[in-house]
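Undergrad: The structure is given below, and queries will be raised subsequently.
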Amino acid sequence: MILTRQALTLLLATSTLTLAAGSEEKPLPKDLPPYGVDRPIPPLNIAQRTLPNGLTVWIVHRPGFPKIASYLAIRGGNAYDPADRQGLTGLMAGLLNEGTTTRTSKQIAEELQAIGGELNAFASPDAVFIHGSCLSNGLPALVNLLADVARHPSFPDKEVELAKANTLQGLLAQEAQPAFKANRAFNAAIFGSHPYRFASLSPEVVKGATPASLKAIHAARFQPNQAVLVISGDLQEAATLKLVTAAFGDWKATGEALPTIRETPATSAHQFLLIPRPGSVQSTLRVGRPAVAATHPDYIPMQLANVILGGSFGSRIVKNIREDKGYTYSPGARATGMQVGGNYMVRADVRTEVTAASLMEIFYEMDRMGTTTVGEVELQSAKRYMGGTYLFQNQMLGALTGTLATYWVNGQKPEALSEFIPKVNAVKAEEVRRIGRTYFAAKDQTVVVVGDEAKAKAELEQFGPVQILKN
Amino acid sequence: MRLGLLTIFTLGAALVAGPAAPAKRPSWRLPIEVKTLPNGLTIVVSEDHSLPTVGVSVVYRVGMRLEPKGRTGFAHLFEHMMFQGTPVAPKGVFDRVIQGGGGLNNGSTRYDFTNYIESAPVSALEPILWLEADRLKALDFSPQNLKNQQEVVKEEIRVNVKNQPYGTFWLDLPGAAYSRWENNHDGYGSFEDLDHADLKDVQAFHSTYYTPSNAVLGIAGDVKPTEVFALVEKYFASIPGKPKPALPDLKEPLNTTEIRQVKTDALARVPAVAVGWKMPARGSRDHAPAAVLAELLIGGDASRIYLGLVKGKELLLNASGGLNFPLGGAWDYDGQTLFSLFSLYKPNADADKVLAAIDEVIAAIASQGVTSAELERTKTKMLADFYAGLEIPLSRADALAKAQALWGSAAQLNEIPGLIEGVTADDLKRVAATYLTHPNRTVIDYHTATAKP
């Protein structure tokens with residue numbers, strides 16, 4: 001057998017950051033020692049192979065810690081469901097480990113427990129992910145269980161009924177969460193009729209689900225040539241590939257090709273939407289718009305701009321509305337890139353009486369990203385932070401494995417792992433400003449608020465007309 | 001930037017795959033080196049050179065239980081003040097230096113300790129140690145910083161408690177189950193007490209509890225112990241030693257009468273039940289059996305409560321719980337803790353039905369024990385989770401510092417797999433019969449505002 005193996009390198013920074021303060025910052029303590037020299041990061045070995053049936057297999061050998069992580073990703077997530085049944089893929093994913101043609105859900109749970117393992121599945125808009133872990137000597141059992149739940153789920157009547165009943169109750173429980181209501185309304189407002197609007201199953205879709213409808217989705221989507229299997233940890237490449245070939249080699253592609261998802265809308269309306277929540281003591285704020293796909297050239301510069309604006313503890317929004325004003329505990333911001341589009345979102349939960357004041361500051365900070373150029377120290381610091389957190393995240397087996405599977409779903413190669421930080425480091429201050437101008441201008445943002453109807457409405461009306469939504 | 005080398009090679013004879021079920025659990029230990037400075041600061045180091053990163057955790061042996069009366073929530077408010085700058089490094093410097101070094105930082109307050117953590121490329125270790133030493137020396141005790149963090153903490157309580165359904169179950173259970181103020185008060189704090197906190201309180205707390213002898217510094221990752229000891233000495237040795245503050249014994253006997261409360265939650269849409277039992281002291285003979293029993297009862301999809309009540313009787317929507325849940329794990333508490341569970345229950349259920357079903361599960365273990373297959377599987381899963389909790393340098397530094405602070409021995413962390421191994425079916429019977437009793441049980445039934453009476 002022939003494997004293509006790559007040694008991928010994660011680099012931190014092209015130049016060492018000095019601790020010198022920029023013109024925009026106060027001087028640092030004179031006794032503070034400088035950063036040391038960055039040490040090289042050992043290359044990561046990734047063996048790649050495509051089985052004759054089309055299944056892509058990536059194996060990462062990382063010894064020294066006695067655990068294994070695995071991700072099987074299959075293209076076609078919730079965004080590929082018919083509009084009147086959106087979310088059925090997620091429901092199907094949740095039932096994969098609830099019974100196969102040869103195992104009951106209890107048997108699956110106990111076999112996993114016996115290897116110190118876990119195996120769970122969920123659907124993103126773009127794909128279904130089945131992720132697992134176990135002690136390193138449980139790898140053969142994990143691969144077999146993974147193959148069984150992926151290839152031979154039986155969707156037993158009783159399990160489907162229970163999952164439907166629990167999902168319906170779970171939806172009812174989630175209606176009490178302000179973040180759940182805010183995210184659902186935000187997605188709908190920025191994506192319109194695009195399938196990325198999906199945030200949660202509706203009770204009607206749950207009630208209409210049957211074992212047959214779940215089986216049909218599974219049969220249509222789960223194809224070896226539409227899937228990647230990533231396995232990482234303290235393993236032997238050759239033995240692992242042999243296990244994978246034995247468990248997945250005779251998996252046949254039988255389904256139809258996936259439909260193409262159209263591009264997301266480029267913009268959304270600048271509007272103020274309020275979802276009343278009786279008894280709310282805070283306003284749950286969402287400010288944002290559609291943005292770019294994970295492979296768009298603006299995606300990495302936007303991630304960097306986000307670290308500066310709201311995506312880190314030292315970011316401008318956190319410093320402003322938390323550390324200076326004390327309006328909120330956990331403000332944040334995130335750029336999400338998916339296969340055909342993405343979004344940008346600033347979030348904060350603030351006490352009701354500072355709803356307008358908080359939005360003013362968020363708008364100010366968003367506009368400032370496009371109207372002024374970020375200083376060199378703040379820019380370098382953000383780059384270091386991105387490099388460090390990327391390294392931090394990918395030192396965890398499960399996260400590394402998931403990152404690689406997501407890269408594959410987005411059409412990227414494992415090299416994306418080693419290209420990420422150099423691309424971040426290459427971003428210039430002017431480019432950050434262009435990102436600010438293009439995506440962060442306050443006048444282009446959709447605002448969603450969940451909170452006390454009367455008080456929050458009065459706060460929001462200071463900006464313009466407010467539309468009240470039911471949910 | 002350097003892209004990966006592309007090589008093609010042929011594999012030799014394929015290796016034989018292992019058996020379907022592992023015959024033996026893999027054993028794995030952390031290297032541990034400990035040193036105590038003359039001023040009382042203990043340093044624990046664990047080296048691992050697989051990636052050039054480092055994790056740092058400073059654990060102070062003070063938590064919610066030791067905060068002053070009339071100052072509920074103060075230990076946590078104080079934790080926030082630790083990020084508000086010092087006379088030498090004003091507000092903002094701490095985050096700027098750590099973030100600029102590619103690092104992350106955080107802090108958390110628990111019943112018996114408060115920890116401050118950083119993870120970064122190892123090139124940032126020296127400035128991080130300097131910053132930790134600096135805030136152990138003195139804080140910027142300014143009224144503006146205190147006022148700002150009083151507001152931030154109140155927002156934290158709003159977002160996590162007041163604006164959430166069942167936001168208070170983890171405060172309600174100890175509040176009802178324990179009788180001593182130190183154990184049963186609201187550690188997040190009343191807004192009134194938080195507002196009354198003043199700078200004198202902040203200064204006194206720092207002076208009493210934030211001392212070298214009351215701290216453990218854990219460092220793990222791409223470091224050599226001798227180099228770390230030298231660096232820590234450089235920045236911490238000049239901090240004057242003070243006597244270690246007294247640690248009162250706050251343990252309570254098991255309860256002798258069941259405590260049961262009903263709360264109506266205006267925000268909740270689905271009813272829920274929280275149940276807690278007082279459990280054995282950390283390090284006692286019953287501790288490890290209690291940990292294994294908790295795992296066996298509610299540790300996941302193969303646990304008895306999941307299989308019996310979520311599946312089986314279909315009374316619960318979900319089942320979450322554990323020893324020292326939800327503020328910690330089975331090994332990082334001191335004194336005593338609760339075995340707690342929290343579940344949403346379904347329209348066909350009520351608290352009595354749920355409790356009766358849980359009683360059945362417990363009675364079966366207390367009377368018949370468990371099979372060796374179930375016990376072995378449970379131990380394997382616990383071991384896997386224990387290792388998972390030590391995967392990255394940050395978790396190692398934190399677990400080691402906590403073990404040193406709470407158990408008095410960082411090396412104890414490597415003994416935990418052995419403690420799990422040693423638990424027998426008879427231990428489980430005994431612990432189930434001793435602790436998981438009606439008189440020792442506290443139940444809080446959360447009704448929705450519109451629920452049946």
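The values are calculated or read from the model by the stated rules, or taken from the named source; none is laboratory data. It should be emphasised that the depicted structure is a prediction, and the values quoted were computed from it without experimental measurement. We place every Cβ from the backbone using ideal geometry, glycine too, and count neighbours over all the protein chains shown.
Undergrad: Could you check, for segment B:415-431, whether at least one of its residues is in a helix (DSSP H, G or I) and of a type in the set (S, T, N, Q)?
TA: The answer is no; no qualifying residue exists.
Undergrad: For the condition outside any helix (DSSP H, G or I), modelled with pLDDT of 95 or more and out of contact with any helix residue (DSSP H, G or I) (no Cβ under 7 Å at 6 or more places or on another chain), what is the one hit in A:Val340, A:Val374, A:Val350?
TA: Step by step, each of A:Val340, A:Val374, A:Val350 is checked, and only A:Val340 is outside any helix (DSSP H, G or I), modelled with pLDDT of 95 or more and out of contact with any helix residue (DSSP H, G or I) (no Cβ under 7 Å at 6 or more places or on another chain).
Undergrad: I'd like to check which helices (runs of 4 or more DSSP H) are fully inside segment B:118-194 and have at least 3 residues that are under 23 Å from the mean Cα position of the chain (by Cα), of a type outside the set (D, E, K, R) and surrounded by fewer than 23 Cβ atoms within 10 Å (Cβ to Cβ).
TA: The helices (runs of 4 or more DSSP H) meeting that bar are B:169-177, B:181-184.
Undergrad: For segment A:314-348, give me each residue that is within 15 Å of the chain's Cα centre (by Cα) and farther than 23 Å from A:Lys181 by Cα.
TA: Of everything in segment A:314-348, those that are within 15 Å of the chain's Cα centre (by Cα) and farther than 23 Å from A:Lys181 by Cα turn out to be A:Gln339, A:Val340.
Undergrad: Exactly one condition in (1) more than 14 Å from chain B (Cβ to nearest Cβ); (2) within 21 Å of the chain's Cα centre (by Cα) is false for A:Gln271; which is it?
TA: Tallying (1) more than 14 Å from chain B (Cβ to nearest Cβ); (2) within 21 Å of the chain's Cα centre (by Cα), A:Gln271 fails exactly one: (2).
Undergrad: Now for a separate question. Among B:Phe83, B:Phe94, which is the only one that is modelled with pLDDT of 95 or more, surrounded by fewer than 22 Cβ atoms within 10 Å (Cβ to Cβ), in contact with a helix residue (DSSP H, G or I) (Cβ under 7 Å, 6 or more places away or on another chain) and outside any strand (DSSP E or B)?
TA: Step by step, each of B:Phe83, B:Phe94 is checked, and only B:Phe83 is modelled with pLDDT of 95 or more, surrounded by fewer than 22 Cβ atoms within 10 Å (Cβ to Cβ), in contact with a helix residue (DSSP H, G or I) (Cβ under 7 Å, 6 or more places away or on another chain) and outside any strand (DSSP E or B).
Undergrad: Further, regarding this structure: I'm trying to understand the selection: among the residues of segment B:208-246, which are small (Gly, Ala, Ser) and under 25 Å from the mean Cα position of the chain (by Cα)?
TA: Hits for segment B:208-246 are B:Ser213, B:Ala215, B:Gly218, B:Ala220, B:Gly221, B:Ala246.
Undergrad: List pairs: first in segment A:114-133 and modelled with pLDDT of 95 or more, second in a loop (DSSP other than H, G, I, E, B) and among the polar types (S, T, N, Q), Cβ under 7 Å, 6+ apart or cross-chain?
TA: A:Asp126/A:Gln339
Undergrad: Among (1) surrounded by fewer than 24 Cβ atoms within 10 Å (Cβ to Cβ); (2) away from chain B (no Cβ under 14 Å); (3) touching a Ser or Thr at 6+ places or on another chain (Cβ under 8 Å), there is one condition A:Met345 misses while meeting the rest; what is its number?
TA: With (1) surrounded by fewer than 24 Cβ atoms within 10 Å (Cβ to Cβ); (2) away from chain B (no Cβ under 14 Å); (3) touching a Ser or Thr at 6+ places or on another chain (Cβ under 8 Å) applied to A:Met345, the lone miss is (1).
Undergrad: Among A:Arg384, A:Arg433, which is within 18 Å of A:Ala335 (Cβ to Cβ), assigned by TED's automatic domain parsing to the domain that holds A:Ala294 and either of a type outside the set (A, V, I, L, M) or in contact with a strand residue (DSSP E or B) (Cβ under 8 Å, 6 or more places away or on another chain) (or both)?
TA: Only one candidate passes the filter, namely A:Arg433.
Undergrad: Kindly evaluate A:Ala356 against the criterion of being of a type outside the set (Lys, Arg), part of a helix (DSSP H, G or I) and either in contact with a strand residue (DSSP E or B) (Cβ under 7 Å, 6 or more places away or on another chain) or surrounded by fewer than 21 Cβ atoms within 10 Å (Cβ to Cβ) (or both).
TA: Judged against the criteria, A:Ala356 is a match.
Undergrad: Please tell me if A:Asp234 is out of contact with any Gly (no Cβ under 6 Å at 6 or more places or on another chain), among the acidic types (Asp, Glu) and within 14 Å of another protein chain (Cβ to nearest Cβ).
TA: yes
Undergrad: Right, next: Residues in segment A:52-67: is at least one surrounded by 23 or more Cβ atoms within 10 Å (Cβ to Cβ) and facing chain B (nearest Cβ under 10 Å)?
TA: yes
Undergrad: Would it be correct to say that A:Asn144 is over 20 Å from B:Asp301 (Cβ atoms) and polar (S, T, N, Q)?
TA: No; evaluated as a whole, the condition is false for this residue.
Undergrad: Look at segment A:384-420 and say how many of its residues are of a type in the set (Lys, Arg) and within 9 Å of chain B (Cβ to nearest Cβ).
TA: Within segment A:384-420, residues that are of a type in the set (Lys, Arg) and within 9 Å of chain B (Cβ to nearest Cβ) number 1.
Undergrad: If you don't mind, there's one more thing I want to ask. When both residues are 6+ apart or on different chains and their Cβ atoms are under 8 Å apart, which pairs have a first residue that lies in segment A:406-427 and is over 19 Å from A:Val57 (Cα atoms), and a second that is among the basic types (Lys, Arg) and buried (at least 19 other Cβ atoms within 10 Å of the Cβ)?
TA: A:Val424/A:Lys383; A:Asn425/A:Lys383; A:Val427/A:Lys383
Undergrad: Within segment B:365-377, identify whether any single residue is free of Cβ contacts under 8 Å to residues at least 60 places away in the same chain and facing chain A (nearest Cβ under 9 Å), and answer yes or no.
TA: Looking through segment B:365-377, at least one residue is free of Cβ contacts under 8 Å to residues at least 60 places away in the same chain and facing chain A (nearest Cβ under 9 Å).
Undergrad: Something else about it: Out of A:Lys457, A:Lys428, A:Lys470, I need the residue that is at pLDDT below 95, closer than 27 Å to A:Phe363 by Cα and not hydrophobic (A, V, I, L, M, F, W, C). Which one?
TA: From the options A:Lys457, A:Lys428, A:Lys470, the qualifying one is A:Lys470.
Undergrad: Separate question: Does A:Lys30 qualify as being at the interface with chain B (Cβ under 10 Å from one of its Cβ atoms), outside any loop (DSSP other than H, G, I, E, B) and either in contact with a Cys (Cβ under 8 Å, 6 or more places away or on another chain) or at pLDDT 90 or above (or both)?
TA: Taking the combined requirement at face value, the residue does not satisfy it.
Undergrad: So, B:Tyr166, is that one of a type in the set (Ser, Thr, Tyr), assigned by TED's automatic domain parsing to the domain that holds B:Phe74 and within 24 Å of A:Asp324 (Cβ to Cβ) or not?
TA: For B:Tyr166, the condition - of a type in the set (Ser, Thr, Tyr), assigned by TED's automatic domain parsing to the domain that holds B:Phe74 and within 24 Å of A:Asp324 (Cβ to Cβ) - is not met.
Undergrad: Which of the following residues is at pLDDT 95 or above and surrounded by fewer than 18 Cβ atoms within 10 Å (Cβ to Cβ): B:Arg430, B:Arg377, B:Arg441, B:Arg396?
TA: B:Arg430
Undergrad: A further question on this structure: Could you please give the count of residues in segment A:246-290 that are closer than 30 Å to A:Val143 by Cα, buried (at least 18 other Cβ atoms within 10 Å of the Cβ) and not aliphatic (A, V, I, L, M)?
TA: So the answer is 2.
Undergrad: If a residue must be touching an Asp or Glu at 6+ places or on another chain (Cβ under 7 Å) and either hydroxyl-bearing (Ser, Thr, Tyr) or more than 7 Å from chain A (Cβ to nearest Cβ) (or both), how many such residues does segment B:117-162 contain?
TA: Number of matching residues: 4.
Undergrad: Confirm whether A:Glu111 is surrounded by fewer than 23 Cβ atoms within 10 Å (Cβ to Cβ), under 30 Å from A:Gly64 (Cα atoms) and either under 27 Å from the mean Cα position of the chain (by Cα) or within 12 Å of chain B (Cβ to nearest Cβ) (or both).
TA: Yes, satisfied.
Undergrad: Of the conditions (1) in contact (Cβ under 8 Å) with a residue 60 or more places away in the chain; (2) within 13 Å of chain A (Cβ to nearest Cβ), B:Val88 clears all except one; give me its number.
TA: (1)
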